[in-house]
Amino acid sequence: MNVITRGIRNAFRNMIRTLSITVILGLSIGLSLVMLIANQAVANKIASVKASIGNTISISPAGFTPGSSANNALTTNELNSVKTIAHVTNLTEVLTDRLHNANATLPSRFPFDNTSSNGNNTTSLSSPIKLNVNRGGNGPRIFINGGGNLPSNFSLPVSIIGTTDPSNVNSNAITITSGSTIDAGKSTHNALVSTSMAAKNDMKVGSTFTAYGTTLTVKGIFTGDSTSAVANDVIVSLPTEQQLSGQTGVVTGAVATVDSIDNLDATTTAIQNKLGSAANVTNAVTEANNTISPLNSVKTITLYSLIGAVAAGSMIILMTMVMIVRERRREIGVIKAIGASNLRVMTQFMAESVTFTLLGAVVGIIGGVLAGNPITKLLVSNSTNAGARGPGGGFRHGGGFGPGHAFASFHSGIANISASIGWDIILYGLAAAVIIALIGSALASFFIAKIRPAEVMRAE
Amino acid sequence: MLQVTDVQRTFKSGDTTVTAVGGVNFKIPEGKFASIVGQSGSGKTTLLSLLGGLDKPTSGSIEVDGQDITKMHDHQLIGYRCRKIGFVFQQYNLVPNLTAIENVMLPMEFAKVPVAKRQARAKELLAQVELSEDQMKRKPGRLSGGQQQRVAIARALANSPALILADEPTGNLDSQTGKMIFDLLHSLSRSQNTTIVVVTHDLSIAGKTDKVFRLKDGKLVR
Ligand SMILES: Nc1ncnc2c1ncn2[C@@H]1O[C@H](COP(=O)(O)OP(=O)(O)OP(=O)(O)O)[C@@H](O)[C@H]1O
Ligand SMILES: [Mg+2]
């Protein structure tokens, strides 16, 4: 029996009180922990989003608005001048178009533009993307004004992307799963199709399909980092697409790679100056910042909640200890009278309050560990709702290249947020509990010091 | 040997000054059993607190075994109370969450007696005050007043103090139990050669002590 065991034993002196303090402290410690877990998860995510920002610059035609048929494309000539700008190490140019299935019926109001000069934006391909009408189902949705359904033979227009870099489409790195890639520099009749597209249209390497009235051969089949984001895509070389669609020298967008992320902003400005008002030049930093901003607010909220929960826990234990000291005033006087120092009495009460908080910590840590991940996900998905809308595959219009896609990829990354709960979190929890306990017993200690042992000689 | 010289204790309450103890002189030789009697409010408890180092006199000196406790620092007083004094209170004042034997071990812990010795000594003392083995393991809430007061006496004796101070130790007990407690204190002062000072209202008890001090308005009267 020593001062510590006495303190621990005193913590169980009044079981109802012990139980309620344990529960309340458990809630506050659990909440602190959840907030800490969420805060860390979000901070990690922000860091990884920032780290994933490539040193690339997006160039798209100025005044580009999705769904508009009056977009002024850029030209290869204009973009050639970009290649000479300092720090630009690579330039990927893209011409994107949409093809609708020749046998499918489009709803009368379905916005669809014929960008090709030959006016023959048809294909034999059916889109692998299934659109859900109005509010039904998950994934891509379409809302039909006044209700109703899509025609039964409806097929979403397919994206055809002519690119100078077939290893990458709309910021998604792609992997060839069968066949081989295409020669990006030549006008050929070869194409790459997504695995979904191949499956939907029953194609293998070597199969053929038509686009713009021309027969193309499947040279390879690919998947992307995000399978759904590239599902609706057909990739051909830039010269092929320019020739097929009759848009010689035209591009709808480009990505410039810069030698170092430090030169990103300066180079962005240089490109913008070079291209003038004809182009929108943005880099991923701006886009990432937009994406991160809801995460930042989650981070702030969780930080304040963490502070609040720790403060609440400290207040609870502080009040409890003051209450207990007042209740045991006589007892404290007695043990002081028979030879206990203030320090010894304080140590005993600290042992008691540490016991309370450790009990609370056990409850709180179990609760926090269980709730940490779901709550983090909930907080993040609520605040980034706009981005969690599934793949926007079917809605890329015309030169569907630029910020929107970068967004999509950042957002899908955010949806994958997960809180990691390691031993360090549990140790933080325990350390926080002990700190809370010690802070909580500080005021009690002050009251203990003020109790005069002479008081015990007098009845209450 | 306990020597009290010109001890005065005044309290300030508001503008008025209350003189609880006003210039007291006396000597009690070692091993003697003394009692303090007097009307309510005459300063008995105040005087006892001063002797026990719970409170400091406004002026005067109190020598215990040749040491003036009025000149001690607070931390020295803690040691003094721990090793030299045994207290017995009217309200028993045992620690409710500790068993009888743990209560007796408590002052030994404060005096840094080795753990191994504490339990044996506590048992021995409780046996001396005639507590059964079963009663030793009980908490104060499950002991009678008389039993609690006997535990308190055993606790007061734990560190073999030079001086035992008891403030109305029989005040809450019936006369028969009170007499038993008193006899216990009496025999202890004989066998252990401990000086005992008892405050009491019971003149029949006071009559049996070696020395009786009468307090009136904070002063000793003949
Ligand atoms: N802390 C204090 N502040 C002011 N006055 C006090 C204080 N303590 C005691 N007194 C006063 O000192 C006087 C002596 O009190 P004390 O308790 O010593 O009397 P007592 O002889 O023990 O009485 P009783 O037999 O009723 O216990 C009383 O008038 C009391 O009001
Ligand atoms: Mg009194």
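For the range A:193-251, residues that are over 36 Å from the mean Cα position of the chain (by Cα) and of a type in the set (Gly, Ala, Ser) total 7. Screening the range A:450-460 for residues that are within 11 Å of chain B (Cβ to nearest Cβ) and in a helix (DSSP H, G or I) and picking the one that is nearest to ligand 2 (Cβ to nearest atom) gives A:MET457.
Scanning the range B:149-160 for residues that are buried (at least 22 other Cβ atoms within 10 Å of the Cβ) and not aliphatic (A, V, I, L, M) yields a total of 3.
Whenever a residue of the range B:38-58 is without any contact (Cβ under 8 Å) to a residue 12 or more places away in the chain, its partners that are within 10 Å of ligand 2 (Cβ to nearest atom), lying with C-beta atoms within less than 7 angstrom and at least six residues away or across chains, give the pairs B:SER49/A:MET457. Going through (1) farther than 18 Å from A:ILE332 by Cα; (2) within 16 Å of ligand 1 (Cβ to nearest atom); (3) more than 8 Å from chain A (Cβ to nearest Cβ); (4) under 16 Å from the mean Cα position of the chain (by Cα) one by one, B:VAL88 falls short only on (1). Candidates in the range A:251-262 are the residues that are at pLDDT 85 or above and surrounded by fewer than 22 Cβ atoms within 10 Å (Cβ to Cβ); of these, the one that is farthest from A:GLU78 (Cα to Cα) is A:ASP259.
Rundown of residues vs (1) open to solvent by 50 Å² or more (accessible area, probe 1.4 Å); (2) modelled with pLDDT of 90 or more; (3) more than 14 Å from chain B (Cβ to nearest Cβ), yes/no style:
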| position | (1), (2), (3) |
| --- | --- |
| A:PRO294 | no, no, yes |
| A:LYS299 | yes, no, yes |
| A:MET323 | yes, yes, yes |
| A:ALA337 | no, yes, no |
| A:ILE365 | no, no, yes |
| A:ASN385 | yes, no, yes |
| A:GLY392 | no, no, yes |
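Screening B:VAL18 with (1) within 16 Å of ligand 1 (Cβ to nearest atom); (2) within 17 Å of the chain's Cα centre (by Cα) gives one miss only, at (2). Within the range B:156-180, the set of residues being closer than 20 Å to A:ALA459 by Cα and either away from ligand 2 (no atom under 16 Å from the Cβ) or free of Cβ contacts under 8 Å to residues at least 60 places away in the same chain (or both) comprises B:ALA156, B:ILE164, B:THR170, B:LEU173, B:ASP174, B:GLY178. When the range B:100-136 is filtered for residues that are open to solvent by 20 Å² or more (accessible area, probe 1.4 Å), in a loop (DSSP other than H, G, I, E, B) and over 20 Å from B:SER187 (Cβ atoms), the ones remaining, listed by number, are B:LYS112, B:VAL113, B:PRO114. On the stretch given as the range B:145-197, residues that are touching a strand residue (DSSP E or B) at 6+ places or on another chain (Cβ under 6 Å), of a type in the set (D, E, K, R) and not in a loop (DSSP other than H, G, I, E, B) total 1. Taking the criterion of being at pLDDT below 90 and open to solvent by less than 20 Å² (accessible area, probe 1.4 Å), the residues of the range A:219-231 that qualify are A:GLY224, A:VAL230, A:ALA231. On inspection, B:ASP210 fails the criterion of being open to solvent by less than 20 Å² (accessible area, probe 1.4 Å) and among the charged types (D, E, K, R).
Per the listing A:ALA442, A:ALA437, the residue uniquely away from ligand 2 (no atom under 16 Å from the Cβ), touching a helix residue (DSSP H, G or I) at 6+ places or on another chain (Cβ under 9 Å), open to solvent by less than 10 Å² (accessible area, probe 1.4 Å) and modelled with pLDDT of 80 or more is A:ALA437.
Each row is one residue, and each column tells you yes or no for (1) surrounded by 18 or more Cβ atoms within 10 Å (Cβ to Cβ); (2) within 12 Å of chain A (Cβ to nearest Cβ); (3) within 16 Å of ligand 2 (Cβ to nearest atom); (4) not hydroxyl-bearing (Ser, Thr, Tyr).
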position: B:ARG9; (1), (2), (3), (4): yes, yes, yes, yes
position: B:ASP15; (1), (2), (3), (4): no, no, no, yes
position: B:VAL24; (1), (2), (3), (4): yes, no, yes, yes
position: B:SER35; (1), (2), (3), (4): yes, no, yes, no
position: B:GLY38; (1), (2), (3), (4): yes, no, yes, yes
position: B:GLY79; (1), (2), (3), (4): no, yes, no, yes
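When the range B:181-205 is filtered for residues that are of a type outside the set (D, E, K, R) and either within 13 Å of ligand 1 (Cβ to nearest atom) or within 14 Å of chain A (Cβ to nearest Cβ) (or both), the ones remaining, listed by number, are B:VAL197, B:VAL198, B:VAL199, B:THR200, B:HIS201.
Within the range A:98-143, the residues that satisfy the criterion of being modelled with pLDDT of 70 or more and over 26 Å from A:ASP202 (Cβ atoms) are A:ARG141, A:PHE143. Selection over the range A:1-38 of residues that are crowded, with 21+ Cβ neighbours inside 10 Å and either part of a strand (DSSP E or B) or more than 14 Å from chain B (Cβ to nearest Cβ) (or both) gives a count of 15.
The values are calculated or read from the model by the stated rules, or taken from the named source; none is laboratory data. The model shown is predicted, which means the values in this text are computed figures rather than measured ones. Counting neighbours? That spans all protein chains shown, and the Cβs are built from the backbone with ideal geometry, glycine included. Note: areas computed on protein heavy atoms with side chains; ligands, DNA, RNA excluded. Shrake-Rupley method; radii C 1.70, N 1.55, O 1.52, S 1.80 Å.
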